[in-house]
Amino acid sequence: MYTDIHSHVIWGVDDGAETKEETFRMLREAVADGIGTIVCTPHITPGIYAFPEEKFQDNYSAANEWIKENDLPLKLYQGAEILFTDATPQMLRDKRIPSMAGSRYILVEFSPAEKMAVIMDALQQITATGYLPIIAHLERYSNIRTTDQVREIKERFQAMIQINARSLFRRQPLLRRRFFSGLFQEGLVDFIATDTHAAPGRESCMSKGMEALRRQFGAGTADAIERRPYGVILKNLSDKMVASFSNG
Ligand SMILES: [Fe+2]
């Protein structure tokens, strides 16, 4: 069973599912796609849009109840996909943003064309709050294009790297394919996730992505990545240093 650490499955809180029916359909699709654990990660844009925290809690609880009623082999956790803004560090310090399954890790994204220096500074600010970054869909950033850059990010900030499953089987330009090869050959990728939204073309595709990974980079690479999410997320659930999400 896969762990999907990036999913816009909870309805009514971002551009993911719009209705509970869509959420329920997506949960069934996740199970059919071989996923056993989902960290629900709605978009949060600190200082830009207010995040509907209460609605997220309510709809998350309702999704869990529905899973129970329907006896689905699926476990949900809370998280968020946080756009890094000037307001992000303070909101993290105030514990107003869910971390990944209550762990020290947060899932963070940047504007696709963000400058490398700005990304490095943001990662520095995140680690100064005591959280550690998981960089969402690393392949999306036009200024991160070499494995040396990625290694530096990982070493300096204990950052972890997430790639979208879809990027593994979608046609990619040659330079991107070379970059991917380097990332996997050097063991720099920590998570493959679906980043699933309700919209057509953005549905759950974990199995397809992992198959493509196996085909292109070998079973060993795929197996190592499959095992990692359990290690990181579940280990940190019992970490006494975890930051808890408060509604304050
Ligand atoms: Fe996302």
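Just so it is clear, none of the values below were taken in a lab; they were calculated from the coordinates. If you're wondering where the values come from, they're calculated on a predicted model, not measured in any experiment. Cβ coordinates were reconstructed from backbone atoms using ideal geometry, including for glycine residues, and neighbour counts include every protein chain displayed.
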State, as an integer percentage, the relative contact order of the range 103-142 based on alpha-carbon contacts under 8 Å between residues 6 or more apart.
62 percent
Which of Asp14, Asp58, Asp71 has the fewest Cβ neighbours within 10 Å, and the rest in rising order:
Asp71, Asp58, Asp14
Label point distance in nm, Leu174-Ala87, each placed 7 Å from Cα along Cα→Cβ
4.6 nm
Value of [θ]222 nm, deg cm²/dmol, for the chain, DSSP H segments ≥ 4, -39500 (n - 2.57) each, nearest 500
-12000 deg cm²/dmol
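Taking square-rooted eigenvalues a ≥ b ≥ c of the alpha carbon gyration tensor, is the range 1-109 rounded, prolate or oblate, where a/c under 1.5 means rounded and, failing that, a/b exceeding b/c means prolate? Don't jump to the answer; show the numbers that get you there.
Values: a/c = 2.18, a/b = 1.73, b/c = 1.26.
Here the range 1-109 falls in the prolate category.
Name the chymotrypsin sites (Phe, Trp or Tyr not before Pro) in the range 46-123 that are in a loop by DSSP and that have at most 11 other C-beta atoms within 10 Å, would you? Show your work: numbers first, answer last.
Values: sites: Tyr49, Phe56, Tyr60, Trp66, Tyr77, Phe84, Tyr105, Phe110; in loops: Tyr49, Phe84, Phe110.
Of the chymotrypsin sites (Phe, Trp or Tyr not before Pro), the ones in loops of the range 46-123 whose Cβ has at most 11 other Cβ atoms within 10 Å are Tyr49.
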Could you check the simple spin-label distance between Asp121 and Lys95, using points 7 Å along Cα→Cβ, in nm with one decimal?
3.0 nm
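How much FRET efficiency would the formula 1/(1 + (r/R0)^6) give for Ala128 and Gln185, where r is the Cβ-Cβ distance and R0 is 35 Å, rounded to 0.05? Write out the running numbers ahead of the final one.
On the way: r = 32 Å, r/R0 = 0.92.
Efficiency at R0 = 35 Å is approximately 0.65.
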D (µm²/s, integer) via Stokes-Einstein for the range 2-237, Kirkwood Rh across alpha-carbon pairs, 37 °C, 0.692 mPa s: value 183 µm²/s
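Report the full-extension gain for the segment Glu21 to Glu69: residue separation times 0.36 nm, less the Cα-Cα distance, to one decimal in nm. Could you put the intermediate results ahead of the total?
Working: separation 48, 0.36 × 48 = 17.28 nm, distance 1.46 nm.
Difference between extended and current length: 15.8 nm.
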Might you report the magnitude of the Cβ-based charge dipole of the range 2-237 about its Cα centre, with Lys and Arg at +1 and Asp and Glu at -1, to the nearest 20 debye?
840 debye
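In whole percent, what relative contact order does the chain give with Cα contacts below 8 Å and a gap of six or more residues? Mind dumping the intermediate values first?
Details: 461 pairs, mean separation 57.3, N = 248.
The value is 23 percent.
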Relative contact order, percent, the range 1-43 [alpha-carbon distance under 8 Å, six or more residues apart]
58 percent
For the chain, which longest stretch is free of loop sites, where a loop site is one of the trypsin sites (Lys or Arg not before Pro) that DSSP puts outside H, G, I, E and B and that has at most 10 other Cβ atoms within 10 Å?
1-170
